[in-house]
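Participant: I have a structure here, written as structure tokens, and I will follow up with some questions on it.
The values are calculated or read from the model by the stated rules, or taken from the named source; none is laboratory data. Fair warning: this is a prediction, and the values are worked out from it, not measured in the lab. Cβ: placed from backbone, ideal geometry, glycine included. Neighbour counts: every protein chain shown.
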């Protein structure tokens with residue numbers, strides 16, 4: 001990889017992101033809607049305020065179902081912050097297809113830039129953006145509590161290491177999904193096919209993770225699947241650092257190792273597919 | 001003078017059966033402007049794509065500036081400039097940002113980049129619009145920016161793939177003036193594809209006519225025209241006039257007569273003096289004439305001579321036409337808002 005070429009291409013990608021606020025808004029739309037509608041309407045832990053439950057019973061139920069989170073909305077909001085790592089990377093692959101359609105990619109591929117320069121620039125630019133957006137969603141989820149809605153309550157003392165773990169989790173999840181979506185973008189020619197595939201990936205990955213469901217309410221088979229889901233791995237790191245790790249079997253770094261594995265595997269596949277897509281056609 | 005481009009038996013087959021280029025061989029001397037002339041689908045762009053390492057040849061080999069196009073891809077890309085037929089500049093960046101990016105990609109030294117970018121912007125009359133987003137550029141400005149991008153690293157060989165497609169005559173003339181001036185200054189070799197006959201005639205030192213993937217004729221524009229054997233007189237008789245053919249062939253100075261769809265194409269060194277004789281021969285046979293016309297040798301005639309048919313101009317829209325159309329639709333929508 002040539003540093004000058006890579007940095008020039010990364011600058012280009014970042015300029016395009018900054019000049020296209022609609023794409024940023026689209027990346028935020030789904031998590032924000034989930035917070036404003038789904039999270040508010042589904043905040044079932046308000047039932048726990050029932051006078052028929054003792055404080056001890058209430059705490060036991062919270063521990064069993066929400067693994068230490070103070071209420072469902074807080075538990076769920078941490079999941080949505082992680083989910084930004086998926087939604088904000090959707091467009092990195094779509095941009096590749098549009099660059100193919102409008103000839104911009106042809107120009108870059110005809111230059112001495114290597115596949116590693118081209119892929120690396122898009123990967124880095126596409127993975128930095130979700131970290132910023134995730135903190136926007138985190139801030140919004142906390143602020144909601146101050147305007148009379150259900151909001152995210154951070155109950156653990158967040159240390160510098162904890163904050164670093166949160167950034168690392170979102171970054172790794174973004175790297176993994178940006179690699180996946182870039183691989184699709186370099187392989188697929190039509191935007192319709194791309195978006196159909198992305199939808200076919202996006203929702204099942206979310207629905208087989210622990211981002212939405214209370215852990216204690218999930219059947220064992222779904223817990224088994226969710227344990228290996230990269231969104232779950234990222235979200236567990238967030239929940240451990242925001243609410244404490246007493247009810248989790250592993251420390252945050254173990255989940256981060258799992259995410260590193262996912263990110264490396266997807267990076268390897270995407271690199272291979274990108275090199276093949278950018279090689280002279282035989 | 002050494003050869004800048006050598007192609008030997010270059011072929012490209014798509015999907016195992018569609019032969020886009022069929023064993024073309026040619027060479028281009030250093031500093032020469034060499035044109036590939038042919039209708040859409042003739043194999044021009046496929047040949048250019050193989051020479052620029054965008055496509056790998058199915059069979060045959062080629063070298064550009066001494067580098068094998070199949071084995072020295074990276075070094076080759078460093079030495080050549082390429083102007084595509086469609087606009088490839090990033091529409092979300094300014095003209096200057098596009099050139100800065102190209103300078104980085106092609107390894108123009110960092111300290112030389114601002115000077116080189118300014119030089120090209122001034123040269124191509126883009127300095128006033130340099131800091132505008134490319135999506136606001138006109139078609140002509142985009143073409144000039146493409147040329148600037150292709151020239152950013154002062155390439156030894158410049159490839160132009162139908163670079164003036166979609167431009168008005170004034171824009172085309174201006175574009176070729178710039179290319180011609182740059183070539184004179186730098187001595188670079190230029191390989192271009194076009195389906196504008198007048199462009200090929202006016203710009204190229206040598207031309208290859210390609211049709212259905214094969215080179216059917218090549219030479220300087222004047223050599224090709226000379227091969228026609230002079231002027232062409234087209235005779236359109238009224239009704240059945242089979243007897244007119246031999247009579248025309250027998251006229252003094254006539255080098256050949258071909259009949260097609262009831263019309264005779266008569267080749268001769270001087271059409272002006274032949275026409276009265278044609279009229280006389282027809283009158284003598286009692287054959288009426290619907291019309292007689294004289295055409296001086298042109299590349300249109302050359303194309304007809306070597307391919308047996310008129311130059312096709314009825315193909316569908318090209319990628320550039322579509323991009324320009326799309327851009328105009330987007331502009332008009334912005335205007336309505």
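Participant: List the number of the failed condition for residue B:165; all other conditions in (1) modelled with pLDDT under 90; (2) more than 25 Å from the chain's Cα centre (by Cα) hold.
Facilitator: Tallying (1) modelled with pLDDT under 90; (2) more than 25 Å from the chain's Cα centre (by Cα), residue B:165 fails exactly one: (2).
Participant: Quick check on residue B:21: is it within 14 Å of chain A (Cβ to nearest Cβ), assigned to a strand (DSSP E or B) and in contact with a helix residue (DSSP H, G or I) (Cβ under 6 Å, 6 or more places away or on another chain)? I'd like the intermediate steps shown before the answer.
Facilitator: Numbers: within 14 Å of chain A (Cβ to nearest Cβ): yes; assigned to a strand (DSSP E or B): yes; in contact with a helix residue (DSSP H, G or I) (Cβ under 6 Å, 6 or more places away or on another chain): yes.
Answer is yes for this residue.
Participant: Which of the numbered conditions does residue B:131 fail, given that it passes all the others? Conditions: (1) crowded, with 22+ Cβ neighbours inside 10 Å; (2) outside any helix (DSSP H, G or I).
Facilitator: Residue B:131 satisfies every listed condition except (1).
Participant: Here's a follow-up. Can you spot a residue in the range B:88-101 that is surrounded by 20 or more Cβ atoms within 10 Å (Cβ to Cβ), farther than 27 Å from residue A:18 by Cα and either modelled with pLDDT under 95 or in contact with a strand residue (DSSP E or B) (Cβ under 7 Å, 6 or more places away or on another chain) (or both)?
Facilitator: no
Participant: While we're looking at this one, here's another question. From the residues in the range B:34-54 that are in a loop (DSSP other than H, G, I, E, B), crowded, with 22+ Cβ neighbours inside 10 Å and away from every other protein chain (no Cβ under 11 Å), which one is modelled with the highest pLDDT?
Facilitator: Here is the first cut: in the range B:34-54, the ones in a loop (DSSP other than H, G, I, E, B) are B:38-43, B:52-54.
Going one step further and asking which of them are crowded, with 22+ Cβ neighbours inside 10 Å, we end up with B:38, B:42-43, B:52-54.
If we keep only those that are away from every other protein chain (no Cβ under 11 Å) too, we end up with B:38, B:42-43.
Numbers: B:38: 83, B:42: 86, B:43: 90.
Restricting to residues being in a loop (DSSP other than H, G, I, E, B), crowded, with 22+ Cβ neighbours inside 10 Å and away from every other protein chain (no Cβ under 11 Å), the top hit is B:43.
Participant: Specify the residue that is nearest to residue A:272 (Cα to Cα); the eligible residues are those in the range A:121-132 that are surrounded by fewer than 21 Cβ atoms within 10 Å (Cβ to Cβ) and in contact with a helix residue (DSSP H, G or I) (Cβ under 8 Å, 6 or more places away or on another chain). Give the derivation first.
Facilitator: Step one: of the range A:121-132, the residues surrounded by fewer than 21 Cβ atoms within 10 Å (Cβ to Cβ) are A:124, A:128, A:131-132.
The next check asks that each one be in contact with a helix residue (DSSP H, G or I) (Cβ under 8 Å, 6 or more places away or on another chain); those that pass are A:124, A:128, A:131.
Details: A:124: 17, A:128: 22, A:131: 26 Å.
Of everything passing the filter in the range A:121-132, A:124 is nearest to residue A:272 (Cα to Cα).
Participant: Look at the range B:244-268 and say how many of its residues are under 15 Å from residue B:232 (Cα atoms), surrounded by 12 or more Cβ atoms within 10 Å (Cβ to Cβ) and out of contact with any strand residue (DSSP E or B) (no Cβ under 7 Å at 6 or more places or on another chain).
Facilitator: Summing the residues that are under 15 Å from residue B:232 (Cα atoms), surrounded by 12 or more Cβ atoms within 10 Å (Cβ to Cβ) and out of contact with any strand residue (DSSP E or B) (no Cβ under 7 Å at 6 or more places or on another chain) in the range B:244-268 gives 2.
Participant: When the residues of the range A:163-186 are filtered to those that are touching a residue at least 24 places away in the same chain (Cβ under 8 Å) and surrounded by fewer than 18 Cβ atoms within 10 Å (Cβ to Cβ), which remaining residue is nearest to residue A:241 (Cα to Cα)?
Facilitator: At the first step, the residues of the range A:163-186 found to be touching a residue at least 24 places away in the same chain (Cβ under 8 Å) are A:163, A:165-186.
Now restrict to residues that are surrounded by fewer than 18 Cβ atoms within 10 Å (Cβ to Cβ): A:163, A:167.
Working: A:163: 8, A:167: 11 Å.
Looking at the filtered set, the residue picked out is A:163.
Participant: Which of the helices (runs of 4 or more DSSP H) contained wholly in the range A:17-101 include at least 3 residues that are closer than 20 Å to residue A:242 by Cα? Break it down stepwise before answering.
Facilitator: Values: elements: A:21-33, A:55-66, A:72-87, A:90-101.
Output list reads A:55-66, A:72-87.
Rundown of residues vs (1) at pLDDT 95 or above; (2) over 30 Å from residue A:43 (Cβ atoms); (3) buried (at least 19 other Cβ atoms within 10 Å of the Cβ), yes/no style:
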| site | (1), (2), (3) |
| --- | --- |
| A:192 | no, yes, no |
| A:200 | no, no, no |
| A:210 | no, no, yes |
| A:231 | yes, no, yes |
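Participant: Test of understanding: among B:118, B:68, B:131, which residue is without any contact (Cβ under 8 Å) to a residue 40 or more places away in the chain, farther than 30 Å from residue B:29 by Cβ, in contact with a strand residue (DSSP E or B) (Cβ under 9 Å, 6 or more places away or on another chain) and in the same structural domain as residue B:44 (by TED's automatic domain parsing)? Lay out the reasoning, then the answer.
Facilitator: On the way: B:118 fails: in contact with a strand residue (DSSP E or B) (Cβ under 9 Å, 6 or more places away or on another chain); B:68 fails: farther than 30 Å from residue B:29 by Cβ.
Exactly one of B:118, B:68, B:131 is without any contact (Cβ under 8 Å) to a residue 40 or more places away in the chain, farther than 30 Å from residue B:29 by Cβ, in contact with a strand residue (DSSP E or B) (Cβ under 9 Å, 6 or more places away or on another chain) and in the same structural domain as residue B:44 (by TED's automatic domain parsing), namely B:131.
Participant: Would you be able to tell me the number of residues in the range B:55-69 that are part of a loop (DSSP other than H, G, I, E, B) and more than 8 Å from chain A (Cβ to nearest Cβ)? Give the steps one after another, and end with the answer.
Facilitator: Our first condition is that a residue be part of a loop (DSSP other than H, G, I, E, B); within the range B:55-69, this holds for B:56-58, B:65-66, B:69.
Filter again for more than 8 Å from chain A (Cβ to nearest Cβ), leaving B:57, B:65-66, B:69.
Residues meeting the conditions: 4.
Participant: While we're on this one: Quick one: residue B:13 ticks every box in (1) more than 11 Å from chain A (Cβ to nearest Cβ); (2) closer than 20 Å to residue A:281 by Cα; (3) modelled with pLDDT of 90 or more bar one, so which box is it?
Facilitator: (1)
Participant: If I ask for residues that are assigned to a helix (DSSP H, G or I), facing chain A (nearest Cβ under 7 Å) and in contact with a helix residue (DSSP H, G or I) (Cβ under 6 Å, 6 or more places away or on another chain), which ones from the range B:74-99 would you list?
Facilitator: none
Participant: Further, regarding this structure: Exactly one of these conditions fails for residue A:104: (1) within 14 Å of chain B (Cβ to nearest Cβ); (2) without any contact (Cβ under 8 Å) to a residue 12 or more places away in the chain; (3) within 24 Å of residue A:29 (Cα to Cα). Give me its number.
Facilitator: (3)
Participant: Please state which of the following conditions residue B:27 fails to meet, knowing it meets all the rest: (1) in contact (Cβ under 8 Å) with a residue 24 or more places away in the chain; (2) touching a helix residue (DSSP H, G or I) at 6+ places or on another chain (Cβ under 9 Å); (3) surrounded by fewer than 22 Cβ atoms within 10 Å (Cβ to Cβ); (4) away from chain A (no Cβ under 12 Å).
Facilitator: (2)
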